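Report on one structure; see the data block that follows.
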Amino acid sequence: MLFLLFPLTCRAETVKTGAQVLSEQGFLPLQGKRFALVTNQSAMVGDTHLLALMEQKGVKPALIFSPEHGLKGKAEDGVKLADDVSAPVPVKSLYGASKKPRPDDLNGIDLMVFDIQDAGARFYTYISTMGLAMQAAAEAGIPFMVLDRPNPLGGDYVAGFVREQIPGSFTSLYPIPLAHGLTVGELAGMIKGERMLPDLEKLDLRVVRMQGWQREMRWQDTGLAWVATSPNLAAIESVLLYPGTGLLEGTGASEGRGSTRPFQIAGWPGIDAKALALRLNEAQLPGLRFDPLQFTPVRLPGVSSAPKYRDREVAGVSIEITDYRKVLPVETGVALLAALQAALPEKSRALFFRGGIDDMAGSPQLRKGLQDGEAATAIEARWTPGVKRFLEQRKPYLLY
């Protein structure tokens, strides 16, 4: 793997993303190239989108590939998107008829560039899009360049089961922990080096590194403004909780879709909200406070058209972040699952888990442990050996 290295500072007030670094270099590696760009609305440099910066420097992609939610990030999760070949630069969807660039799309292309902000969770699909685009580049015999961006959860926080199912699904493609602690550039190197996808051995992988980012930084430490990476991850608070509260999507509980605070609130109709908040507060989850809450999910076109329990009152909790540096997202999600399941009447507990939970968790051990009444801490202890192996495995691919 070729790393495009630029001077690093020990600590910067503002982190420079790979896109900013490349822009300040005048996009020299792209000059004279016929390149394809995998991107969406999150590819911002300050107040300016990458495409606008390229235009200012006389650089223009020949083709754009867009991931789930589309180029502008306005489509709801799971909505299949069509190509827009009538645009000034043709846009091909990688969340429609195909999730991987087709060979015909890459005819005459010299280079593929990836710049999308990730959320740091294995089941967030942008990293799956990246891997499949890497495969397409390898098959076409063209280089693949990643413009690196921060992991919003930081580079030191790693938690959750390493994905066991083989082959993986689009929402759980790689054998990595749920929260992997890698930037997209680091992950790209690991996908190639550990052969997490086939046929990448000869890929010419290039990473434009950030300046100023350090592993202990969470998003709030970077000095960068958060841009909604998808309709329900508009707030950084939602992002910080997402690897844990996102697991609720594999259950019958509400994860807060259909509200202004998705992944920051959770509940189930008819349960005792005060008792749920008390139980969770007694668990002393670091950096968090749980307040009882009654909320009613509603239809939000373009964000959540069919949320669970639409127009029905839900009892639950509001998850308040008191110290973002201390929050353990995945552990919080496991504790929340355990508390919600325990709050249900016996006859409702059989309805708690839905299809997809094992895929999201990466292992059936989470579901089975909760169904058997195991404590959240006992379940967390089971993923520790896998996390330790992963931490050793990832060392050669760390860039910061």
M196: passes all of (1) buried (at least 24 other Cβ atoms within 10 Å of the Cβ); (2) in a loop (DSSP other than H, G, I, E, B); (3) aliphatic (A, V, I, L, M) but (1)
Kindly indicate whether any position in the stretch 68-89 is outside any loop (DSSP other than H, G, I, E, B), at pLDDT 95 or above and not aromatic (F, W, Y). no
(1) without any contact (Cβ under 8 Å) to a residue 12 or more places away in the chain; (2) under 22 Å from D359 (Cβ atoms) all hold for D104 apart from (2)
Looking at P307, P297, P292, P345 in this structure, which one is surrounded by fewer than 20 Cβ atoms within 10 Å (Cβ to Cβ), at pLDDT 95 or above and not acidic (D, E)? P292
In the stretch 247-258, how many are within 20 Å of the chain's Cα centre (by Cα) and surrounded by fewer than 24 Cβ atoms within 10 Å (Cβ to Cβ)? 2
When you check A36 against the structure, is it surrounded by 21 or more Cβ atoms within 10 Å (Cβ to Cβ), among the small types (G, A, S) and closer than 20 Å to Q135 by Cβ, yes or no? yes
Looking across the stretch 106-165 at residues that are among the charged types (D, E, K, R) and crowded, with 20+ Cβ neighbours inside 10 Å, the single one that is farthest from I64 (Cα to Cα) is R163
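Condition check ((1) of a type in the set (S, T, Y); (2) part of a loop (DSSP other than H, G, I, E, B); (3) over 16 Å from D77 (Cα atoms)) across all residues:
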| position | (1), (2), (3) |
| --- | --- |
| L203 | no, yes, yes |
| V207 | no, no, yes |
| W213 | no, yes, yes |
| G223 | no, yes, yes |
| A228 | no, yes, no |
| V239 | no, no, no |
| Y242 | yes, no, no |
| S259 | yes, yes, no |
Kindly indicate the residue of the stretch 63-88 that is open to solvent by 20 Å² or more (accessible area, probe 1.4 Å) and of a type in the set (V, I, T) and also nearest to F35 (Cα to Cα) among those meeting that condition. V85
How many residues, within the stretch 326-352, are over 17 Å from P243 (Cα atoms), part of a loop (DSSP other than H, G, I, E, B) and free of Cβ contacts under 8 Å to residues at least 60 places away in the same chain? 2
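Select, from G189, G223, the only residue that is surrounded by fewer than 21 Cβ atoms within 10 Å (Cβ to Cβ) and either more than 14 Å from Y400 (Cα to Cα) or modelled with pLDDT of 95 or more (or both).
G223
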Going through the stretch 166-186 one residue at a time, which ones are in a loop (DSSP other than H, G, I, E, B), buried (at least 22 other Cβ atoms within 10 Å of the Cβ), on the phi < 0 side of the Ramachandran plot and not aliphatic (A, V, I, L, M)? P177, H180, T183
Criterion violated by G355 - all others in (1) open to solvent by 60 Å² or more (accessible area, probe 1.4 Å); (2) free of Cβ contacts under 8 Å to residues at least 40 places away in the same chain satisfied: (2)
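The values are calculated or read from the model by the stated rules, or taken from the named source; none is laboratory data. Everything numeric in this text was worked out from a predicted model, so none of it was measured. Quick reminder, even Gly has a Cβ in these numbers, built from the backbone with ideal geometry, and neighbours come from all protein chains shown. Ligands, DNA and RNA are excluded from the accessible area calculation, which covers all protein heavy atoms including side chains. Shrake-Rupley method; radii C 1.70, N 1.55, O 1.52, S 1.80 Å.
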